[in-house]
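Have a look at the structure below before the remarks.
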Amino acid sequence: MSSSNLTGFVLAVVSSAFIGSSFIIKKKGLQLASANGPRAGVGGYGYLLQPLWWVGMITMIIGEIANFVAYIYAPAVLVTPLGALSIIVSAVLAHFLLKEKLQKMGMLGCLLCIVGSTVVVLHAPEEKSLTSVQEIWELAIQPAFLSYTASAIAVTLFLVLYCAPRCGQTNIMVYTGICSIVGSLTVMSVKAIGIAIKLTLEGANQVFYFQTWIFTMVAITCIIVQLNYLNMALDNFNTTVVSPIYYALFTSFTILASAIMFKDYYGQSIGNIVSELCGFITILSGTTILHSTREPEPPAISDFYAPLSPKVSWYIQGSNEPWRQKEEDVSPFNLITVIRQDHFK
């Protein structure tokens, strides 16, 4: 492994530790916020007033900064799969702090993630040398990547406008799908910004190129969308279910986007490519096992903010008919009327 890839590896591991912790801290903050107002999953923003949520946010920012720097030194096909380590951190902390039980098979899933990550690291391609942000821009506007970008935007709009209002709170793939697809564009933009900063620090100023600012605006927009829908996913579903599914989708889309834009596998031997794919499949197997062994999160109580609809039961006896029971929904006012009539008979 080259020194550049080694630096990226170390930074990616540090990033995973912070990001994995942030899932748990933010989840605790969301739980506290939901006790005092509408939940994030139904459009509430009370979590913004929770200090614990902000601690989790700061933790995630530190992790993302480390991840950002890792992308400068190593290719996305090396850095992104290492995000599986954040799932392990998240699962272990959830077991102790959120009482989300980690089964023995879940431990096997963690082991598979570690093995798969090791294989990916050992067979990752070397980072290609880029000399300017204009060179990255040329890669971004090639027809193949423009087609990927257009498809990603179209699918995201469909999920946001059609699927999210209808089944976002019941289907975990909606919110995590939005985060993952948008996340692949985030990584490409962040990598471009990171390379531009690195070149600027080395003396080749990239600030005056308009392409640098386009990449910056795309990254900011995508990050905001990701954070919003990630909060919704965490608030509606079990943390250790969200983490592996989000990881699997996000990694898959990011590797695909990076392979199209940066041509990471160009010039690689078949053996290295197959080993990389086997390592990634091993990681996905580990995340699947983690997902399948988690206990489902109990549904949130929404009746606190909705009027109750009590049921009234009474017995009816007709001529030559046995007693029978009847149940129906009535309003609270009708319930009071029935009670008063029975009381004064």
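Please give the number of the condition Ser129 fails out of (1) in a helix (DSSP H, G or I); (2) farther than 17 Å from Thr80 by Cα.
Of (1) in a helix (DSSP H, G or I); (2) farther than 17 Å from Thr80 by Cα, only one is false for Ser129: (1).
Please go through segment 197-224 and pick out each residue that is under 30 Å from Lys26 (Cβ atoms) and buried (at least 19 other Cβ atoms within 10 Å of the Cβ).
Hits for segment 197-224 are Phe215, Val218, Ala219, Cys222.
Might you check whether a residue that is without any contact (Cβ under 8 Å) to a residue 40 or more places away in the chain and open to solvent by 10 Å² or more (accessible area, probe 1.4 Å) occurs anywhere in segment 14-28?
Within segment 14-28, one or more residues are without any contact (Cβ under 8 Å) to a residue 40 or more places away in the chain and open to solvent by 10 Å² or more (accessible area, probe 1.4 Å).
Give the residue that is farthest from Ala140 (Cα to Cα), with candidates limited to residues of segment 219-238 that are of a type in the set (S, T, N, Q) and in contact with a helix residue (DSSP H, G or I) (Cβ under 7 Å, 6 or more places away or on another chain).
Restricting to residues being of a type in the set (S, T, N, Q) and in contact with a helix residue (DSSP H, G or I) (Cβ under 7 Å, 6 or more places away or on another chain), the top hit is Asn236.
Can you tell me which of Ile214, Ile193, Ile273, Ile260 is more than 18 Å from Glu135 (Cα to Cα) and not in a loop (DSSP other than H, G, I, E, B)?
Only one candidate passes the filter, namely Ile273.
How many residues, within segment 146-169, are hydroxyl-bearing (Ser, Thr, Tyr), more than 24 Å from Asn272 (Cβ to Cβ) and open to solvent by less than 50 Å² (accessible area, probe 1.4 Å)? Lay out the reasoning, then the answer.
Quick first cut of segment 146-169, residues hydroxyl-bearing (Ser, Thr, Tyr) only: 147-149, 151, 156, 162.
Those still in the list that are more than 24 Å from Asn272 (Cβ to Cβ) too: 147, 149, 151, 156, 162.
Now restrict to residues that are open to solvent by less than 50 Å² (accessible area, probe 1.4 Å): 149, 156.
The total comes to 2.
Restricting the search to segment 64-120, which residues are open to solvent by less than 10 Å² (accessible area, probe 1.4 Å) and assigned to a loop (DSSP other than H, G, I, E, B)?
Residues satisfying the conditions are Ala74, Pro75, Thr80.
Given the structure, is Pro143 under 30 Å from Gly267 (Cα atoms), without any contact (Cβ under 8 Å) to a residue 12 or more places away in the chain and either open to solvent by 70 Å² or more (accessible area, probe 1.4 Å) or of a type in the set (Lys, Arg) (or both)?
When the stated conditions are applied, Pro143 passes them.
Is it true that Leu185 is surrounded by fewer than 23 Cβ atoms within 10 Å (Cβ to Cβ) and either under 18 Å from the mean Cα position of the chain (by Cα) or in a helix (DSSP H, G or I) (or both)?
no
Does segment 274-283 contain any residue that is surrounded by fewer than 17 Cβ atoms within 10 Å (Cβ to Cβ) and of a type in the set (Phe, Trp, Tyr)?
no
Tell me which of these Phe253 doesn't satisfy, since it passes every other one: (1) open to solvent by 30 Å² or more (accessible area, probe 1.4 Å); (2) at pLDDT below 85; (3) outside any loop (DSSP other than H, G, I, E, B).
So Phe253 meets the others, but not (2).
Can you tell me which residues in segment 127-140 are open to solvent by 30 Å² or more (accessible area, probe 1.4 Å) and either closer than 15 Å to Ala259 by Cβ or hydroxyl-bearing (Ser, Thr, Tyr) (or both)?
Those that are open to solvent by 30 Å² or more (accessible area, probe 1.4 Å) and either closer than 15 Å to Ala259 by Cβ or hydroxyl-bearing (Ser, Thr, Tyr) (or both): Glu127, Lys128, Ser129, Thr131, Leu139.
The values are calculated or read from the model by the stated rules, or taken from the named source; none is laboratory data. As the structure is a prediction and not an experimental result, all values here were calculated from the model. Methodologically, a virtual Cβ is constructed for each residue, glycine included, from the backbone with ideal geometry; neighbour enumeration extends over all protein chains shown. In case anyone asks, the SASA skips ligands and DNA or RNA and just uses the protein heavy atoms, side chains included. Shrake-Rupley method; radii C 1.70, N 1.55, O 1.52, S 1.80 Å.
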